[in-house]
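Q: Here you go, one structure.
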Amino acid sequence: MWGGRFAQGPSAIMREINASIPFDKALWRHDIEASKAHVAMLGAQGIVTAEDMATITEGLDKVAAEYAREGVPEDWDLEDIHMTTESRLAELIGPAAGRLHTARSRNDQVATDFRLWVRDALDQIDAGLLALQQALVMRAGEHAASIMPGFTHLQTAQPVTLGHHLMAYYEMIARDRSRFADARARMNESPLGSAALAGTGFAIDREATAQALGFDRPTRNSLDAVSDRDFALDYLMAASQCALHLSRLAEEFIIWASQPFGFVRMPDTLSTGSSIMPQKKNPDAAELVRGHAGRVIGCATALMVTMKGLPLAYSKDMQDDKPPVFEAHGLMALNIAAMTGMVADSDFKTGRMRQAAELGYATATDLADWLVREADIPFREAHHITGAAVKRAEADGVALDQLPLDVLKAIDQRIDERVYKALSVDASVASRSSYGGTAPEQVKAQVQAARKALGMDA
């Protein structure tokens, strides 16, 4: 390919360190697609003849069929997917294959192919996240009134509903989808035609190739176009944040599935057993989702460090741009599918959840609020009174609403029998009716709005 400049060929070490075909063969569909758009433009512009254009296009289709049928061969002498394809094209159609690379470089070629791949990856991730949102909304609708303890510091705080809890993750995933959508909109420009770094002297039509490949427009600066990997970093940063959310959801399931909690029974299809302890049902899928978050973040870090000191335009360091993106995308696809199945198929133990909410003094804030509302006590004083009531209930081993009235009045004479209406977990949850609150009516409204936004009732 470039032997005219050199008296000797590369050493075995150079061949191995230089070859990217083991991983960039994943771009073959996009390489064929971009090459067909490029040669069609060359033909339309009269840069190659109509006959050569047709021959090259037909040859590219044959190469694509071979790759689809047999896989992409790995010849390290050919270095990458671009030269692998061009070499096979030459074997099939002869010298006309050499005209395909007119007015382009591998620099703009790989930038184009990689953008096309990342764009497809973004669409795949969005489809997966949509399915996860739908699963969350479905289960939230089922459990709009199912009471569970809400936690801060992993300590029982206030009663909430399971539906409200699940809808919190719906909101996180909605933000993730918006970040992926932003990344897609920002990266949808075509580098093709930027050539090595300075553009080309041929009368090419970059608008035509951009349109043919589904880009919004061509890139405006050839130096930036061939050296930009912001689109890959955008993908990895959005993936990292999404992985954090998936990891948090996975951690909830891991905790809830443990015997001390007993809030959920995980689906058998996403659990494993033990080689020695027959009773075990391990939440391995959730644990792997939690673990994969570190790897996805590591992929983002790897590419940032690779790009941090590169002068314009292209440097060979950038060959290492694809493995972290490919790895992160594979992990994200698995993580999203695993969590979608977990949400959809888990058996929530709502009786146990309610019991935990009732035993954890979760209505203490409701007692304080009642004292403020009904006895006109300043909140700080009400907070102190409530703390004393919790201390007594804890000492007696009972729930707050099980403390006799005379015991409560001994703590503060202003408490009367009306307080018991505020101390049940049902009353507590129902009272949280502010917009975005956990009251079942609010949860049902949010579920209905989400169903409409996702097109679930269309």
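The values are calculated or read from the model by the stated rules, or taken from the named source; none is laboratory data. Predicted, not measured: the structure shown is a model, and the values here were computed from it. Glycine gets a Cβ as well: all are built from the backbone with ideal geometry, and neighbour counts include every protein chain shown. Keep in mind that these areas ignore ligands, DNA and RNA; they rest on the heavy atoms of the full protein, side chains included. Shrake-Rupley method; radii C 1.70, N 1.55, O 1.52, S 1.80 Å.
Q: Determine which member of the set Arg139, Arg119, Arg177, Arg186 is within 13 Å of the chain's Cα centre (by Cα) and open to solvent by 10 Å² or more (accessible area, probe 1.4 Å).
A: Details: Arg139 fails: within 13 Å of the chain's Cα centre (by Cα); Arg119 fails: within 13 Å of the chain's Cα centre (by Cα); Arg186 fails: within 13 Å of the chain's Cα centre (by Cα).
The unique qualifying residue is Arg177.
Q: Of all residues in segment 195-222 being of a type in the set (Ser, Thr, Tyr) and in contact with a Leu (Cβ under 8 Å, 6 or more places away or on another chain), which is least open to solvent (accessible area, probe 1.4 Å)?
A: Looking at residues that are of a type in the set (Ser, Thr, Tyr) and in contact with a Leu (Cβ under 8 Å, 6 or more places away or on another chain), I get Thr209.
Q: Of Gln124, Gln158, which residue is of a type outside the set (Val, Ile, Thr), in contact (Cβ under 8 Å) with a residue 24 or more places away in the chain and outside any helix (DSSP H, G or I)?
A: Just a single option satisfies the conditions, and that option is Gln158.
Q: Restricting to segment 64-75, count the residues that are assigned to a helix (DSSP H, G or I) and surrounded by fewer than 17 Cβ atoms within 10 Å (Cβ to Cβ).
A: Residues that pass the stated criteria total 5.
Q: Now for a different question. Looking at segment 270-310, which of its residues are part of a loop (DSSP other than H, G, I, E, B), in contact with a Ser or Thr (Cβ under 8 Å, 6 or more places away or on another chain) and over 30 Å from Ala357 (Cα atoms)? Give the derivation first.
A: Within segment 270-310, the subset part of a loop (DSSP other than H, G, I, E, B) is 271, 273-281, 283, 308-310.
Those still in the list that are in contact with a Ser or Thr (Cβ under 8 Å, 6 or more places away or on another chain) too: 280-281, 283, 310.
Within segment 270-310, just Leu310 meets the criteria.
Q: Starting from segment 80-93, take each residue that is closer than 20 Å to Lys316 by Cα and list its partners that are open to solvent by 10 Å² or more (accessible area, probe 1.4 Å), counting only C-beta distances under 6 angstrom and pairs at least six apart or across chains.
A: Pairs that qualify, where the first residue is closer than 20 Å to Lys316 by Cα and the partner is open to solvent by 10 Å² or more (accessible area, probe 1.4 Å), are Ile81/Lys25; Ile81/Trp28; His82/Arg106; Met83/Met1; Thr84/Leu78.
Q: All but one of (1) part of a helix (DSSP H, G or I); (2) open to solvent by 40 Å² or more (accessible area, probe 1.4 Å); (3) among the small types (Gly, Ala, Ser); (4) over 27 Å from Val325 (Cα atoms) hold for Ala96; state the number of the condition that does not hold.
A: Just one mismatch for Ala96, condition (2).
Q: For segment 382-426, which positions are buried (at least 16 other Cβ atoms within 10 Å of the Cβ), assigned to a loop (DSSP other than H, G, I, E, B) and β-branched (Val, Ile, Thr)?
A: Within segment 382-426, Ile415 is the sole residue that qualifies.
Q: So, Leu60, is that one within 30 Å of Glu16 (Cβ to Cβ), open to solvent by 30 Å² or more (accessible area, probe 1.4 Å) and among the aliphatic types (A, V, I, L, M) or not?
A: No.
Q: Just need a number here: residues in segment 35-53 that are part of a helix (DSSP H, G or I), under 20 Å from Gln211 (Cα atoms) and of a type outside the set (Ser, Thr, Tyr).
A: The total comes to 10.
Q: Could I ask something else about it? Anything in segment 271-290 that is under 14 Å from Ile336 (Cα atoms) and surrounded by fewer than 20 Cβ atoms within 10 Å (Cβ to Cβ)? List them, or say none.
A: Glu287, Leu288
Q: If the requirement is being of a type outside the set (A, V, I, L, M, F, W, C), over 25 Å from Lys308 (Cα atoms) and modelled with pLDDT of 95 or more, which of these qualifies: Thr209, Thr219?
A: Within the list Thr209, Thr219, the selection yields Thr209.
Q: Turning to a different aspect of this structure: Is it true that Ala302 is over 30 Å from Asn18 (Cα atoms) and either buried (at least 19 other Cβ atoms within 10 Å of the Cβ) or of a type outside the set (Asp, Glu) (or both)?
A: no
Q: I've got another one for you. Restricting to segment 337-358, give me the number of residues that are open to solvent by 10 Å² or more (accessible area, probe 1.4 Å) and more than 17 Å from Met138 (Cα to Cα).
A: 6
Q: Give all pairs with beta carbons closer than 8 Å in which a residue from segment 325-345 that is among the acidic types (Asp, Glu) meets a residue that is open to solvent by less than 20 Å² (accessible area, probe 1.4 Å); count only pairs at least 6 apart in sequence or on separate chains.
A: Short answer, once both residue conditions are applied: Glu327/Cys299; Asp345/Pro267.
Q: Taking Leu334 as meeting all but one of (1) touching a strand residue (DSSP E or B) at 6+ places or on another chain (Cβ under 7 Å); (2) open to solvent by 40 Å² or more (accessible area, probe 1.4 Å), write down the number of the exception.
A: (1)
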